[in-house]
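Below you'll find the structure, written out as C-alpha cells, and then a few comments.
The values are calculated or read from the model by the stated rules, or taken from the named source; none is laboratory data. Note that the coordinates shown come from a computational prediction; the quantities given were computed from them, not determined experimentally. Ideal geometry is used to build each Cβ from the backbone, glycine not excepted, and the neighbour counts take in all protein chains shown.
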Amino acid sequence: MSRVVLVTGVSRHLGSRMARILSYDPQISRVIGVDVVPPREDIGGVEFIRADIRNPVISKVLSSTGADTVVHMGVISTPVQAGGRAAMKEINVMGTMQLLAACQRAESVRHLVVKSTASIYGSGPKDPAMFTEDTQPRSLPQSGWAKDSVEVESYVRAFARRRPDVGVTTLRFANFLGPKADTPMSAYFALPIVPTVLGHDARLQFIHEDDGLEVIRLATVDGHVGTLNVAGDGVLMLSQAIRLAGKASIAVPGPMVGLVGGWVRQSGISDFSAEQIRFLTYGRVLDTTRLHERLGFTPRFTTAEAFADFVQHRGLHYAISAERVESIERGLARALGTATKVEAQIASTLRVADHA
C-alpha cells in the first residue's frame, strides 16, 4: 500500500533529518515536509511545502497531498528558536490545534505520530523513582515548553476521541543529545561554567538523536498506537555529567537560582527556564519497559553513551580561556547581587563539604 507522510517542523535539524530518513524507507512512496521557512539542511527527495501550521492553509496541504500519516515535530523547545516566549506558545499550542483540526477534516489521514516530551511529568521532590506512561504528574509544569506540551497532549487525546479511526502515537522523549541536536540541555552543558542547585544532584536520562529518530521512524512505519516513554538505558547524575563534559560548576543556593537563570537568558548564552531549573534540581527517570516490549526497540546508545558522544562531537572537553571563565564568574556574581555575597556562599559551601 502506498504511504504518503507529512512531516511538520522540517526547517530544524531533527525535523529535516526525520523527513529525509522517512524518504529512504521503501514502505513510503512520498514524504512532504512543511514549515514556515525552508530547511537549512539537505532533505534529499523530500517535497518541501512552505506553510504555517497555525494557518488554516494546512488543511489544503493535507487534502491536496492525500497524506495518510502525519508526523508532528513542529513543537519548539526554546523561546530563542521561536523568537520569544509568546511566539513559542503560539507555534506550539495554536499550531497544534490548527494541525489537529486539519487532520480531523482530512479523510485520508489514518495515523498521527506526535513528538512529545517527558517534561510533561514535571520534576519535584515527591516524584516516583521512575515514571511509567500511566503515572500522573505530582508537580505539573507551570511554564515554558513543558506546559505547552501538556496542552498539546490534551488536544491530541481529544483528537483521538473525535477520530477513533486514526491511530495516534505519542512519544515522550527524554532530553535529546547528539552531534547537532539543539536543545535546552545541549545549551546548558555548553556554558563555560555550569550553574547547579546547591545541595542537589539530579538524576538525568538522555536519548541520542539517532535513537530518537529511529523510534519515530518505527512508530511511523509500523503504525504503533499508544503512548511510549523514550530514553536511553541507565541514569547519569548531574555531577557525573559535568565531570564528563570537563566543565567547572558553581553551586547556587536555591533562592538565587532564578537570578542566575535570568542573567543567563539575558546574556543570550542559553535558555534557563523555571522548569529547567526544577529538572536540574530534582531530575527525572523514565520507565521504558513499554518501548522495549511493544515497539521492540532498544536504544543503541545508553544515557551515558549518548552524553559521551555529545561531548566528543561538541568538543566540550576542551579547556576554555581564563578570561572567559572570569567574565562568566563576574556575570554570575552580578546576578546574585554582589561578588562578596558569592564568595561568602562559596566559602560556606566549602566549610560544609569539609565537615561532611
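Based on what the data block shows, is R40 out of contact with any Cys (no Cβ under 7 Å at 6 or more places or on another chain) and in a helix (DSSP H, G or I)?
Working: out of contact with any Cys (no Cβ under 7 Å at 6 or more places or on another chain): yes; in a helix (DSSP H, G or I): no.
When the stated conditions are applied, R40 does not pass them.
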Among residues of the range 277-320, those that are modelled with pLDDT of 95 or more, assigned to a helix (DSSP H, G or I), surrounded by 20 or more Cβ atoms within 10 Å (Cβ to Cβ) and of a type outside the set (A, V, I, L, M, F, W, C), counted: 1
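Kindly check whether there is at least one residue in the range 212-223 that is assigned to a strand (DSSP E or B), closer than 23 Å to Q312 by Cβ, at pLDDT 95 or above and touching a Phe, Trp or Tyr at 6+ places or on another chain (Cβ under 9 Å). Please lay out each step first, then the result.
Within the range 212-223, the subset assigned to a strand (DSSP E or B) is none.
No: zero hits.
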Scan of the range 19-73 for residues that are over 22 Å from F159 (Cβ atoms), surrounded by 15 or more Cβ atoms within 10 Å (Cβ to Cβ) and polar (S, T, N, Q), ordered by number: S23
Residue in the range 258-270 that is under 20 Å from the mean Cα position of the chain (by Cα), modelled with pLDDT of 60 or more and over 21 Å from S77 (Cβ atoms) present: no
Number of positions in the range 236-257 that are part of a helix (DSSP H, G or I) and either at pLDDT 85 or above or among the charged types (D, E, K, R) (or both): 7
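Can you tell me how many residues within the range 1-29 are over 17 Å from I53 (Cα atoms), hydroxyl-bearing (S, T, Y) and not in a helix (DSSP H, G or I)? Spell out the reasoning first.
Taking the range 1-29 as the starting set, the residues that turn out to be over 17 Å from I53 (Cα atoms) are 1-4, 13-14, 17-18, 20-29.
From what's left, hydroxyl-bearing (S, T, Y): 2, 23-24, 29.
From what is left, the residues that are not in a helix (DSSP H, G or I) are 2, 24, 29.
Number of matching residues: 3.
Against the definition (of a type in the set (V, I, T) and over 28 Å from I21 (Cα atoms)), how does I216 come out, yes or no?
Details: of a type in the set (V, I, T): yes; over 28 Å from I21 (Cα atoms): no.
For I216, the condition - of a type in the set (V, I, T) and over 28 Å from I21 (Cα atoms) - is not met.
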Per-region count, the range 116-157, residues in contact with a helix residue (DSSP H, G or I) (Cβ under 8 Å, 6 or more places away or on another chain) and either surrounded by 13 or more Cβ atoms within 10 Å (Cβ to Cβ) or of a type in the set (S, T, Y) (or both): 29
Of all residues making up the range 151-189, the number that are within 16 Å of T303 (Cα to Cα), assigned to a strand (DSSP E or B) and hydrophobic (A, V, I, L, M, F, W, C): 3
Pairs with Cβ under 7 Å, 6+ apart, first in the range 86-106 and free of Cβ contacts under 8 Å to residues at least 40 places away in the same chain, second surrounded by 22 or more Cβ atoms within 10 Å (Cβ to Cβ) and assigned to a helix (DSSP H, G or I): none
Filtered residues of the range 5-16 (kept if of a type outside the set (A, V, I, L, M, F, W, C) and either touching a Cys at 6+ places or on another chain (Cβ under 6 Å) or surrounded by 24 or more Cβ atoms within 10 Å (Cβ to Cβ) (or both)): T8, G9, G15, S16
Given (1) in a loop (DSSP other than H, G, I, E, B); (2) modelled with pLDDT of 95 or more; (3) not basic (K, R), number of the condition I32 does not satisfy: (1)
Test: residue in the range 53-75 that is assigned to a helix (DSSP H, G or I) and within 20 Å of the chain's Cα centre (by Cα): no
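Here's the yes/no breakdown for (1) of a type in the set (A, V, I, L, M); (2) assigned to a helix (DSSP H, G or I):
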| position | (1), (2) |
| --- | --- |
| T96 | no, yes |
| A102 | yes, yes |
| V109 | yes, no |
| L112 | yes, no |
| S119 | no, yes |
| P125 | no, no |
| P128 | no, no |
| T135 | no, no |
| K147 | no, yes |
